[in-house]
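Here is the structure we will look at.
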Amino acid sequence: MSAHTDRRHHVQSLLMRESLVDKAVMTSTETPVVRMLPEAHVVKIGGRSILDAGRSVVYPVVETLARILATKKLILGVGGGVRTRHVFSIALDLGLPTGVLAQLSAADANGNAHILGTLLAPHGVVAIPPEMFGHLLPLFIHAAPGVIFNGVPPYSLWEHPPGVGRIPPHRTDAGCFLLAECFGCKSLVLVKDVEGVYDKDPKGHLGASLIRAISATELERRAVPSLPFDRVLLRLLGTARLLKQFQVVNGHKPELIEAAVNGEHVGTIVFAG
């Protein structure tokens, strides 16, 4: 059949005849990105640093979150804490691969999501099951003052192999970052048990100095041996389109969480660059 008699319908599009590994083609896809939830704030509540610390630490954090929820929309991510570390130890001893470790860690974080969800239930906050979270998040965040999710990104068995060792590189800090980036959220606050990022581990070095603000590139160049967040965030921040910074604050001083959500500089800000 000649070209003149070909009646098939061809869909004209930017990439219809191009290779998706061609650098020029990839550059042409740099277009504006829609912010789906521009007024929502993502707050990551540490598993080991906050939830494992017990009632004396958790209850003031819950009270602070409830106060914030009166005026702000919150998406709360949680980590698995000490239980995940214990499961990792068993899995590593058994020789299980990184993808299986990632899958196991999600179960522990999901348990903590239900714990925090129970404590915030009187304020209308709901913990969303992982299998429906991404699809229904816009609906829930408009219907409720806040939602809670398991912060482990759903790479599961497809988790990226780490450069060193077998611990999954994308853990709950990374999951919260990726969520905030995908939905174009207003801010990301990582709630830990330290004042922010230090030049040395403050729990082992009395003379460690707090870094108030630093670029991801500079922080990576310094090769700080111990960071209070997933190290992969430094790479993710360099390629993000919508989320240009995040702040690390001390959840043992819960008033700092509210200040950070309100845009105040009360911990360490890590920014793109």
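The values are calculated or read from the model by the stated rules, or taken from the named source; none is laboratory data. Computed from a predicted model, the values in this text were never measured in an experiment. Methodologically, a virtual Cβ is constructed for each residue, glycine included, from the backbone with ideal geometry; neighbour enumeration extends over all protein chains shown.
Could you check the range 98-129 and list, in sequence order, the residues that are surrounded by 14 or more Cβ atoms within 10 Å (Cβ to Cβ) and either part of a loop (DSSP other than H, G, I, E, B) or hydroxyl-bearing (Ser, Thr, Tyr) (or both)?
Thr98, Ser105, Val125, Ile128
Picking from Ser215, Ser187, which residue would you name as being within 15 Å of Val43 (Cα to Cα) and at pLDDT 95 or above?
Details: Ser215 fails: within 15 Å of Val43 (Cα to Cα).
Sole residue among the options that is within 15 Å of Val43 (Cα to Cα) and at pLDDT 95 or above: Ser187.
For the range 165-273, which fully contained strands (runs of 3 or more DSSP E) count at least 1 residues that are surrounded by fewer than 20 Cβ atoms within 10 Å (Cβ to Cβ), of a type in the set (D, E, K, R) and touching an Asp or Glu at 6+ places or on another chain (Cβ under 7 Å)?
Numbers: elements: 187-192, 213-215, 245-250, 268-271.
Those strands (runs of 3 or more DSSP E) do not exist here; none qualify.
Just the residues that are within 14 Å of the chain's Cα centre (by Cα) and among the basic types (Lys, Arg), please, taken from the range 223-273.
Correct list: Arg231, Arg235, Lys244.
Pull up the range 155-181, narrow it to residues that are without any contact (Cβ under 8 Å) to a residue 60 or more places away in the chain and closer than 28 Å to Leu65 by Cβ, then point me to the one that is farthest from the chain's Cα centre (by Cα).
Tyr155
Can you name every residue in the range 131-153 that is within 28 Å of Arg85 (Cα to Cα) and surrounded by fewer than 16 Cβ atoms within 10 Å (Cβ to Cβ)?
Listed by number, the residues that qualify are Glu131, Met132, Gly134.
Working carefully through the options Leu74, Leu14, find the one that is at negative phi, more than 28 Å from the chain's Cα centre (by Cα) and either part of a loop (DSSP other than H, G, I, E, B) or modelled with pLDDT of 95 or more (or both).
On the way: Leu74 fails: more than 28 Å from the chain's Cα centre (by Cα).
Every option except Leu14 fails the conditions.
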